[in-house]
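The values are calculated or read from the model by the stated rules, or taken from the named source; none is laboratory data. Everything quoted here is computed from the prediction, not taken from an experiment. With ideal geometry, Cβ positions are generated from the backbone for all residues, glycine too; neighbour counts draw on all protein chains shown. Each accessible area value is taken on the protein alone, full model and side chains, heavy atoms only, with ligands, DNA and RNA left out. Shrake-Rupley method; radii C 1.70, N 1.55, O 1.52, S 1.80 Å.
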Amino acid sequence: MLTPRKIEIFKAIVKEFIQTAEPVGSKLLIESYNINYSSATIRNEMSELEKLGLIEKTHTSSGRIPSSKGYRFYVEHFMEDEINEGVESVITQIFSDRKLTVEESIRQSVNILTQMTNLTSMILGPASNSENLKSVKLIPVNDTSAMAVFVTEGGHTEHRIFNFDRNIPIEEMESCTSILNDRLTGTPISDVVEKMVNIKPILSQRMVQYEVLFEAFVNAFMKFAQDEIYYTGKDNMLYQPEFANVEKLKQLTLMLENSQVWQEMSVSHDNLKLRKGEHSELMWVDDMAVVSSSFFLENDNSEHRLMVVGPSRMEYGRVVSLVEFVTAMIENVYGKGGTHD
């Protein structure tokens with residue numbers, strides 16, 4: 001049973017460990033947190049909290065640290081929002097700048113998020129690689145460039161502009177688009193490039209400059225098939241005691257560069273749904289915590305995710321508030337019915 005005394009001691013242990021990354025003992029709780037109980041009483045309560053699985057003893061010290069279960073319990077019951085009006089004001093200014101594209105606005109805000117949390121932040125695009133192609137459109141921009149629009153059956157849309165080193169007649173562009181739609185509709189995105197190689201002879205029979213268009217489309221599809229991921233602040237992990245181990249840091253680096261890992265993590269059934277944010281959640285992996293919040297852009301039915309990655313002892317109230325503020329700004333400005341013209 002969690003008594004008020006146990007809760008007081010538990011909260012102090014979590015707060016202290018978040019700040020110092022050092023195991024917490026009874027003497028420190030008495031001196032730093034004005035907990036007016038004897039050392040023996042505090043140690044007994046800590047033993048009870050350990051039996052409940054909320055804290056654990058380290059191998060190198062008699063002090064205690066929060067467990068993964070303990071962090072989860074803390075976030076569910078005791079986390080408080082920590083609003084930073086200065087940071088929110090700067091982020092609001094970024095999204096009010098009409099000269100910036102949606103991508104530029106999002107990346108700038110993520111960079112600020114990284115600076116203010118001293119953690120690693122990332123934007124994870126939709127997993128287009130797992131979808132099937134619905135249609136391709138090729139729209140001429142001028143004599144030597146065109147915009148390709150790819151649409152998946154799941155509603156994910158991508159625009160790619162590519163340039164040619166010579167003039168391509170509109171008729172040839174239309175013929176190429178027709179062939180691609182006839183042969184590729186319903187094909188998994190991951191198989192499109194391989195299938196295009198098989199239809200190259202068909203293109204060569206019907207088009208004079210098929211090589212130019214073929215290479216352009218292959219390059220565009222290869223980029224499209226890659227999950228979009230942008231991250232910043234990877235070096236911040238170097239300064240976290242939890243990742244002082246070189247092997248552990250290498251594993252984290254490989255994870256950061258593999259979007260599939262984060263896609264799978266974001267659909268884990270063990271994630272903690274946050275009360276405040278409709279699309280926000282927390283997840284824990286070993287010594288790592290991930291705050292994640294999804295958002296949707298105008299004319300794009302696919303889900304994007306903003307994630308902040310750090311040690312389990314991150315300042316949850318502060319990080320969660322900032323992540324949810326940024327995603328709310330993105331949807332307010334660039335989502336359906338947004339204010340960005």
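Couple of notes before you dig in:
- For Ile18, net neighbour charge (Lys/Arg +1, Asp/Glu -1) across residues whose Cβ lies under 14 Å away: -2
- Compactness of the range 48-151 as Cα Rg over 2.2 N^0.38 Å, two decimals: 1.83
- Extension gain, Ser145 to Ile7, is 43.2 nm, computed as 0.36 nm per intervening residue step minus the present C-alpha separation.
- Mean separation of Cα contacts under 8 Å, 6 or more apart, over the residue count of the chain: relative contact order %: 19 percent
- Summing +1 for each Lys or Arg and -1 for each Asp or Glu among the other residues whose beta-carbon sits under 14 angstrom from that of Glu211 gives 0.
- Candidate cross-link partners of Lys200 among the aspartates and glutamates, defined by an alpha-carbon separation under 19 Å and a same-chain spacing of 8 or more, comprise Glu171, Glu172, Glu174, Asp182, Asp191, Glu211, Glu215.
- Within the chain, helix-based [θ] at 222 nm, where runs of 4 or more DSSP H residues each add -39,500 (n - 2.57), nearest 500: -15000 deg cm²/dmol
- Å³ per residue enclosed by the Cα convex hull of the range 76-137: 164 Å³
- From the alpha carbon centroid of the range 190-218 to that of the range 33-69 is 66 Å.
- For the range 130-211, the Kirkwood hydrodynamic radius comes to 13.2 Å, computed from all pairs of different C-alpha atoms.
- Pairwise Cα distances in the chain exceed 24 Å for 64 percent of all pairs.
- Using only side-chain charges placed at the Cβ, +1 for Lys and Arg and -1 for Asp and Glu, the dipole size of the range 17-157 relative to its Cα centre rounds to 340 debye.
- Mean accessible surface per residue for the chain, computed with a 1.4 Å probe while every protein chain stays in place, in Å²: 51 Å²
- Rounded to two decimals, the Cα-based Rg/Rh of the range 1-115, with Kirkwood Rh, is 1.19.
- Rounded percent of accessible protein surface that carbon and sulfur make up, the chain, 1.4 Å probe: 47 percent
- Counting only the Cα atoms, the range 62-216 fills a convex hull of 208 Å³ per residue.
- Counting only heavy atoms of the protein chains and using a 1.4 Å probe, Arg5 has close to 90 Å² of accessible surface.
- For GluC sites (Glu not before Pro), the sites in the range 70-138 that DSSP calls loop and that have at most 10 other Cβ atoms within 10 Å are Glu80.
- Diffusion coefficient (Stokes-Einstein, Kirkwood radius over C-alpha pairs, 4 °C, 1.567 mPa s) for the range 31-83: 104 µm²/s, rounded to a whole number.
- Placing Leu52, Leu138 in order of accessible area, with the largest value first and a 1.4 Å probe, yields Leu52, Leu138.
- Distance (nanometres) between label positions extended 7 Å along Cα→Cβ at Leu52 and Val197: 6.0 nm
- Debye intensity ratio I(q)/I(0), log10, the range 1-47, q values 0.33 Å⁻¹ (C-alpha model): -1.41
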